[in-house]
Amino acid sequence: MAAPLLLGLYLALGAASTQGSTTPLAAAAAGTLVIIAIYGVPWDSAPRWAHNLPVFGGIVAVFVIQATAQASGFAVATVLLVFPLYLTTVLFAALHLRRNEVWAAAALASVGILASAMSTRNQPGEPALALLVIAVLWMVVLTVHAVVRRSLGAEERIRLLIASLKDYAILTMDPRGNVTSWNQGAEQIKGYTEDEIIGRNFSCFYPKEDVEAGKPGAALAEAARLGRSEDEGWRVKKDGTRFWAEVVVTALQDESGQLHGFGTFTRDVTERKRIENALADSKARLQAIVDTALTAIVTMDGHGVITGWNPRAEAIFGWSQDEVLGNPLAETIIPTQHRAAHRAGLARYLATGEGPVLGKVLELSALDRGGREFPVELAISPATAPGGSPLFVGFVRDISARKQAADAIANLNSELKIANQHKSEFLANMSHELRTPLNSILGFSELLLDDTSARYDASTHQKFLSQINTSGRHLLALISDILDLSKVEAGRMTLKLESFSVSDVVGDVLATIEPIATKKRIAIKADVAAAGKLEADAGKFKQMLLNLASNAVKFTPEGGMVSMDARRLPEGVEIAVTDTGIGIAQSDIDRLFKEFQQLDSGPGRRQEGTGLGLALTKRLARLHGGDVRVVSEVGKGSTFTISLPLRPTPSRQLAPPAVSAPPAS
């Protein structure tokens with residue numbers, strides 16, 4: 001408003017120089033109204049044809065001022081009043097009108113100035129001054145018009161560029177958010193034509209729920225406060241369909257910072273959003289697979305650094321993801337002896353693209369957090385990271401359990417082969433053991449049956465019958481051992497518990513083995529009085545002692561000794577059978593109590609037997625809740641000790657025999 005006030009003051013001074021004449025004052029007032037109209041009316045929003053009114057109206061007002069001033073004889077007032085009005089109106093024309101209209105306004109002003117000068121010819125130098133004024137007027141007009149046209153040309157090019165953009169919806173709004181301009185991209189993206197949308201509020205582009213939440217107003221408020229507002233979300237087209245949009249709202253301000261409106265840039269990114277969502281879903285599914293996989297998945301970059309580590313890898317190796325990411329793979333999980341080969345293979349692949357181990361399933365060893373080396377199954381696949389750098393994905397499975405199972409199967413197969421061999425040996429031995437008493441029974445019974453002529457006297461008959469009886473009892477004992485062992489193994493063996501004297505049972509056992517011991521001149525000693533009474537199955541107890549005592553006599557050379565000692569403990573009774581026989585090697589002790597096994601099982605074996613006695617003794621002791629252990633040294637003899645509780649605590653768990661170190665020599 002400073003310019004119109006100064007021009008009005010200038011006109012008032014010019015009118016005052018007329019020394020109070022009303023005509024120049026009226027003319028000055030009219031000129032002032034023209035100036036106020038030029039500066040006070042919003043011509044940017046006025047129709048194009050209306051821009052001519054202040055220009056040509058101002059020039060006509062100048063003519064009137066000139067005419068009235070000259071008619072009254074006030075030449076000085078003419079000079080003071082005319083030039084500023086001419087300059088103001090012509091500059092307005094240069095700023096707002098087209099080229100032809102500017103030239104017409106400047107020409108009319110020039111004619112007015114020249115006419116004023118010609119009418120005052122009595123004043124020397126007036127025409128020359130008029131020409132100078134006209135020259136200055138045209139220079140100013142041409143300069144201003146050129147600058148304005150250049151500026152308008154740049155603005156027009158920008159406007160045309162904006163209007164032609166089809167990928168971006170670009171529009172302007174007044175401070176209230178009403179649309180004031182609209183480009184082709186906006187029409188294509190949002191569906192409204194320029195005529196349909198100009199003047200409407202931009203909230204029509206928001207979904208109903210966002211409008212109710214006040215988002216349009218919040219976006220304008222943020223842009224007005226910060227100069228810019230960015231948002232990404234759903235927007236609505238003319239037909240009601242929604243699209244995902246990136247929106248930037250910029251505040252438009254003048255030099256003084258006054259808000260004039262807003263500019264909005266909108267881009268339809270629905271397809272990009274769909275792709276992003278699809279990628280996110282795919283990534284989430286892949287991550288879920290990786291996280292729940294029963295196989296450890298480890299990724300490594302081209303520098304050998306760990307870049308991926310799933311939960312199964314944490315479980316197998318003991319390192320958490322946070323602890324290993326960024327660490328060298330070789331120093332983390334690869335054993336020392338394999339690290340050089342790992343680095344060499346990586347370098348060769350990066351240099352030549354050759355990777356002999358890629359795509360294959362390998363079995364090798366790995367390290368866990370505690371430094372334990374364990375077997376793994378590994379498959380490596382090459383890949384490419386998002387930036388194009390090499391990436392390697394390793395699938396690792398801990399095969400410790402599988403290896404253990406394989407070893408167990410191999411051991412079991414070996415044991416089965418050995419057991420099958422022992423079974424064959426047992427069957428061979430058993431057939432011999434059974435055949436011997438059967439042959440004796442059959443032979444002596446046939447002799448008796450064939451003795452029709454009474455060749456044998458009564459004593460010989462008695463001897464034959466005694467041999468038949470002995471062989472029968474031996475055969476019965478063999479069969480009983482087999483049946484007892486099968487009952488124990490099947491869990492069908494029952495104990496007939498009773499209280500009895502250990503000394504009485506030991507006496508019966510010694511009486512049984514005494515004939516054989518006497519024949520081999522083996523001394524027998526017993527010291528079992530301290531054992532007292534025991535609650536157990538007396539028959540099974542005698543069977544255990546008889547097996548141990550018979551073996552002691554069998555494997556003790558002539559002139560040796562067999563002793564039986566007993567002691568009573570707070571928790572039970574121990575009976576030890578000691579011999580001075582051939583002894584047992586430490587490597588053979590583990591085989592003693594296994595079924596169907598004899599330490600001397602070759603074709604030239606020196607002792608008869610089925611190999612069931614010790615196995616059955618062990619199981620009968622376990623059935624009472626006790627055990628049998630042995631101490632032996634080759635060439636010096638053996639001591640077998642039965643430990644039984646005072647009251648049986650039956651157990652069918654079959655454990656390996658307890659083995660003690662040989663006595664000091």
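Pick from segment 396-425 the residues that are among the hydroxyl-bearing types (Ser, Thr, Tyr) and loosely packed, with under 13 Cβ neighbours inside 10 Å: which of them is nearest to residue 312 (Cα to Cα)? Ranking the candidates gives 414 first.
The lone criterion from (1) within 24 Å of residue 554 (Cα to Cα); (2) touching a strand residue (DSSP E or B) at 6+ places or on another chain (Cβ under 6 Å) left unmet by residue 470 is number (2).
Mind checking whether some residue in segment 561-572 is of a type outside the set (Val, Ile, Thr) and at pLDDT below 90? Spell out the reasoning first.
To start, the set of residues in segment 561-572 that are of a type outside the set (Val, Ile, Thr) comprises 561, 563-572.
Applying the additional criterion that residues be at pLDDT below 90 yields 570-571.
Yes - at least one qualifying residue is present in segment 561-572.
Conditions (1) in a loop (DSSP other than H, G, I, E, B); (2) modelled with pLDDT under 85; (3) outside the structural domain of residue 524 (by TED's automatic domain parsing), marked per residue:
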| site | (1), (2), (3) |
| --- | --- |
| 582 | yes, no, no |
| 593 | yes, yes, no |
| 603 | yes, yes, no |
| 608 | yes, yes, no |
| 614 | no, no, no |
| 619 | no, no, no |
| 630 | no, no, no |
| 664 | yes, yes, yes |
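Only a single item in (1) within 20 Å of the chain's Cα centre (by Cα); (2) surrounded by 13 or more Cβ atoms within 10 Å (Cβ to Cβ) is not met by residue 270, and it is number (1).
Among the numbered conditions (1) under 24 Å from residue 493 (Cα atoms); (2) modelled with pLDDT under 90; (3) of a type in the set (A, V, I, L, M), the only one that residue 589 does not meet is (1).
To keep it simple, each residue is scored yes or no on (1) without any contact (Cβ under 8 Å) to a residue 12 or more places away in the chain; (2) more than 19 Å from residue 395 (Cβ to Cβ); (3) buried (at least 16 other Cβ atoms within 10 Å of the Cβ); (4) touching a Leu at 6+ places or on another chain (Cβ under 7 Å).
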| residue | (1), (2), (3), (4) |
| --- | --- |
| 282 | yes, yes, no, no |
| 288 | yes, no, no, no |
| 308 | no, no, yes, no |
| 312 | no, no, yes, yes |
| 330 | no, no, yes, no |
| 339 | yes, yes, no, no |
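If I filter segment 479-488 for residues that are surrounded by 15 or more Cβ atoms within 10 Å (Cβ to Cβ) and not in a helix (DSSP H, G or I), do I get at least one hit? No, the conditions are met nowhere in segment 479-488.
The values are calculated or read from the model by the stated rules, or taken from the named source; none is laboratory data. Please read all numbers here as calculations on a predicted model, not as lab measurements. Cβ: placed from backbone, ideal geometry, glycine included. Neighbour counts: every protein chain shown.
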